[in-house]
1. Show the residue pairs that are 6+ apart or on different chains and have beta-carbon atoms under 7 Å apart, the first residue being within the stretch C:252-274 and within 11 Å of chain B (Cβ to nearest Cβ), the second being among the small types (Gly, Ala, Ser) and part of a helix (DSSP H, G or I).
2. Among the residues of the stretch C:106-113, is any part of a helix (DSSP H, G or I), of a type in the set (Gly, Ala, Ser), closer than 29 Å to residue C:233 by Cβ and modelled with pLDDT under 90?
3. From the list C:182, C:146, C:165, pick out the single residue that is away from chain B (no Cβ under 14 Å) and in contact with a His (Cβ under 7 Å, 6 or more places away or on another chain).
4. Which one of the conditions (1) under 16 Å from residue B:29 (Cα atoms); (2) surrounded by fewer than 17 Cβ atoms within 10 Å (Cβ to Cβ); (3) modelled with pLDDT of 85 or more does residue B:264 fail to meet, given that it meets all the rest?
5. Just checking, does the stretch C:171-194 include any residue being under 30 Å from residue C:120 (Cα atoms), part of a helix (DSSP H, G or I) and in contact with a Leu (Cβ under 7 Å, 6 or more places away or on another chain)?
6. Restrict the check to the stretch C:56-64 and report whether at least one residue is under 26 Å from residue B:268 (Cβ atoms), open to solvent by less than 10 Å² (accessible area, probe 1.4 Å) and of a type outside the set (Ser, Thr, Tyr).
7. Is it the case that some residue within the stretch C:63-71 is away from chain B (no Cβ under 12 Å), of a type outside the set (A, V, I, L, M, F, W, C), in contact with a helix residue (DSSP H, G or I) (Cβ under 7 Å, 6 or more places away or on another chain) and under 19 Å from residue C:190 (Cα atoms)?
8. Pick out the one residue from B:185, B:212, B:239, B:189 that is within 14 Å of chain C (Cβ to nearest Cβ), of a type outside the set (Gly, Ala, Ser) and crowded, with 22+ Cβ neighbours inside 10 Å.
Amino acid sequence: MSALLEVAGLEVAYGAVRAVKGVDLVLHAGEIRVILGANGAGKTSILKAIFGLVKPRAGRIAFQGQELRGLEPHEVGSRGVAWVPEGRQIWATLTVRQNLVMGAFVNNKRAAVERRMAELFDRFPILAERRSQLAGSLSGGEQQMLAIARALMAEPKLLLMDEPSLGLAPLIIRRVFDLVREINASGISILMVEQNARQSLRVANWAYLLENGAIAGSGSPAALASTEEIRRVYLGG
Amino acid sequence: MLSLGFWEPVLILAGLNAIIAIGVYITLMSGQASLAHAAFAGIGAYSAAVLTTNFHVPFPLAILAGMSVGLVGGALLSLVTMRMSLLVVALTTLGFGETMVVIAFNIEYLGGAQSFSGIPLYTSIGLVYAVLALVLFVAWRFDHSRLGLAARAVRDSSVTAAAMGINVPLVRILTFALGGGIAALGGGLSAHYTLVINPGDMTFFESFRYKLFVLTGGSYTFLGPLAGALALTLLPEALRVALALSDVLSQSLRFMIYGIIVVLVVIWRPQGVITRVPTGVRARFPWPGRPAARVSPAAKVAALAAESRADRADASLGSPGADRP
Amino acid sequence: MEQLIQHVINGAMVGSTYAVVAVGFALTFSVLRVINVAHPEVFMLAMFTGLVVVQALTQNFLIVLVIAATAALVAGLAIERAVLRPLRRADLLMPMIATAGVSVFLQYGVQGVAGPDELRFPRILPFAPLEVGAITVTSLQLITFGIAVLILLACSFYVRRTRWGLAARAVAERPDIAATFGVNVSRVAQITVGLSSFMAGAAGVGIAVLYGSAWSFVGLLYGLKSWVCMLVAGNRHIEAVMLVGIMLGILEALTTAYVSSSFRDAVAFVVLIVVLYKRPDGLFGSYSY
């Protein structure tokens, strides 16, 4: 199986602070992989580096065999990578519909965008109901649905999800992770960054543990869940 | 010595500009981008000049009185702008300055549009540079006083500063007052050299010029505004000599070059030309009461926070000697 | 009563040009997060370009307008490329100072060529007074007002109804997110500055014809007033900026008529301080940075 995304020796630094220290990771087409780590472990920096939102100091980022490093964020975005950013970050001053239109900005064909939006409105009836409301007026859970739908509008091959469970109620968290599985079943590969080990191990094919900017371990969810360390630090038992 | 005759007024002007720029610098230190310092200079100038000209008050007293008016004005303006963001503060202070211009225009006692004249000559080049030295000393001490460090912390992040126990409103008021007072001092001196005050001296354009001195020179050490004010005052004059063209054309050319230099400096060094005290100077003149070794600002702020927690008396943030020259 | 209406109309005419300059200023600020101090100088450049075209080429108002506004567009794009883009990630004050440098350069550059005094701008539009009762409006006023309103409507349409206008709003609120969805932020910045400059250029010609004069330092006052309009309205809705621009013109006209002309230019700042003291985000809300 060839790798869809391959990150090797990634280094990100903010001034003198090294946030990511030589991270290697791989994602094959069709997989869900999760990067587990505490706050400040450097998880978000990895995703930002993939998008070119921060410039890595060293390393390779290959997507479908092509180097992403040195590309502008909008160039990465138009190559089939979309993201669900941390804390939703929907456009609060645009309507739900406008948010979705912007999600498909790379696609210039109006009819295709409308078709895609109709599909997503079927999957997210709540968004269809609120399509003309300002996105800022939605609840936290609804905003998370919008953030996910917005990313799906781009019809990505790879979806980057930054802490999709952050700040949501337990019931909605379950719903979000079920959704992650559904999205994956529709053929989209997912790289997720999470603190919620219990839920993300439930859906992932493979997990990396990130500590202080470096990979401290990796394995299949089953293997990881049985280790003492994971149980103590991430699963609270 | 050959051309001191020509250069003397230029040097006096540069010194006065440097004094006012230090005032801007100290106010900016706590993150308050004031565009009212020309107005403070004007307030100081009018107050001092009215006292010496109409009431024959001794010059030093009049200057100090003008300075006090600037101090109070700065504190009040700080109170008004307390909740506003950087940009809004800039514009509100600008509005304050323009309002002062209009008021001065409409007060007959201050000469109105005819400008206030007949001011006695007291200011000499020696006095200007003596006061500048004093103001520099204050700024130098301020940089390393508890107030100065607290101000830096507030400038970086007022939320974090507040969380560390720094009394943010107090720091803002004190730095604005001190900065306004120093600008008023410079204005008072200036009035007794030019012997005339125009309402137009207080417009935002003048304030912008002072801000330009600070930001091109560098706004993280007191040497920045000093270098900025001296260089940007002397430069157009030097160009005048070098170009020796007809008046209007030479003025245009000088300011075009001035504009280009400002643009280039900002693009080349977005932090200003002088971002820290050169290490050689630092080694030769270690900060009073502190080791010459380099201490990172973060460590200083942390130490400061620890101190603040130790003695809850936030009011003591204005360390002795830092808030009065 | 008719006197009052007359003052309000005159004020609205002037206010509409404030609105055009202020909207460009606000658009640039919202999208690029930059105070473009040189924006009103672009307006001034258009005045003088218009003057040159009138003297050397044609008296046809429309041609003058288009050439001058295009010159403003080119100048705006040059400023964006040379100054704003290199400073995109810098502290807010730095682009402000740098564009102030550009401003000084342009003011004195034009002064060097055109001289320090106001120049007469030929009346290239008909000056026919239209009277309704005791109220007089000249055709000149009506045409400049009409142009300003058209520009404002077009701008509002662009921001509300077009793909790139939507992208501009997305960039204004969250530039990084917009970029990852394929929006070329530099391109949006260029379009925004270009559009703003073009509008300012058109307003510049309008004002030059309306007042019959051109002056190298005219930008100072316009710059300040646009800044005030933006902050009083908040930069979230450009229509609010337009409204405040027109209101400001009316308020100034009333102050001149009933208080004193020397207070005219202070009105803006009194309004500003009062509004911002009560509502730091402006009357209609701002993007939070």
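1. C:269/B:95; C:272/B:95; C:273/B:95
2. No; the residues of the stretch C:106-113 include none that is part of a helix (DSSP H, G or I), of a type in the set (Gly, Ala, Ser), closer than 29 Å to residue C:233 by Cβ and modelled with pLDDT under 90.
3. Exactly one of C:182, C:146, C:165 is away from chain B (no Cβ under 14 Å) and in contact with a His (Cβ under 7 Å, 6 or more places away or on another chain), namely C:182.
4. (1)
5. Looking for residues that are under 30 Å from residue C:120 (Cα atoms), part of a helix (DSSP H, G or I) and in contact with a Leu (Cβ under 7 Å, 6 or more places away or on another chain), one finds at least one in the stretch C:171-194, hence yes.
6. No - not one qualifying residue is present in the stretch C:56-64.
7. no
8. Of B:185, B:212, B:239, B:189, the one residue that is within 14 Å of chain C (Cβ to nearest Cβ), of a type outside the set (Gly, Ala, Ser) and crowded, with 22+ Cβ neighbours inside 10 Å is B:212.
The values are calculated or read from the model by the stated rules, or taken from the named source; none is laboratory data. As the structure is a computational prediction, the values presented were derived from the model and not from experiment. Here the Cβ is made from the backbone with ideal geometry for all residues, glycine too, and neighbour counts use every protein chain on show. Remember, those area values only see protein heavy atoms, side chains included, never the ligands or the DNA or RNA. Shrake-Rupley method; radii C 1.70, N 1.55, O 1.52, S 1.80 Å.
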